[in-house]
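See structure below.
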Amino acid sequence: MPAAFDVAVTAVSPGRALVAVAGELDVQTGPALIEAVDSVTLPGLEIAVDMSAVTFMDSHGLNALILLRRRAREAGATLFLRNVPGQALWVLDLTGTTGLFRLRPDPGDEPAAGPAPGARCPMGRCGACCPV
């Protein structure tokens, strides 16, 4: 039985969003990840994709991440992957795509919380930041 898939986007602070992904990232779930990130205002946003709860990733999941990276770059946003599990890292290495992504091991490597100058709420709902 496949692991249940879940994706949640939360505003960490103005200008920063956390995308928590859990379960299998594959042909069936990749579109949900893209849809979730499409729900936030991208220009100037820093997006952390936390993959610590990803149990499996195939080439379709990788394709979803590459698409997110492209959309973020086109919108002037920054996307990085955090806590990439071994199997998903193996897929990145095997396909030669590791270098396309900024990888961070844990939240301690993130910039200090707080809004970037002129930052807007990543969820597009408030002027300061949505409650987490």
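Any read-out appearing in this document is the output of simple, stated calculations on the displayed coordinates, not a laboratory observation. Worth saying up front: this structure is predicted, and the values here are computed from it rather than measured. For neighbour counting, all protein chains shown are included, and Cβ atoms are generated from backbone atoms with ideal geometry for every residue, glycine included.
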Between residue 80 and residue 8, with labels modelled 7 Å along Cα→Cβ, what's the label distance in nm to one decimal, could you check?
2.2
With +1 assigned to the C-beta of every Lys and Arg and -1 to the C-beta of every Asp and Glu, and no other charges, what is the dipole magnitude of region 6-104 about the Cα centre in debye, to the nearest 20?
440
Points 7 angstrom from Cα along the Cβ direction at residue 73 and residue 100: gap in nanometres?
0.9
Once you keep just the Cα pairs under 8 angstrom separated by 6 or more residues, what percentage relative contact order results for region 6-104?
27
Exposure proxy order (Cβ contacts within 10 Å, fewest to most) of 6, 26
6, 26
For labels at residue 93 and residue 66 in the simple 7 Å Cα→Cβ model, what's the distance in nm?
2.0
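Return the ratio Rg/(2.2 N^0.38 Å) for region 6-104, where Rg is computed over Cα atoms only.
Scaled against compact globular proteins, the figure is 0.96.
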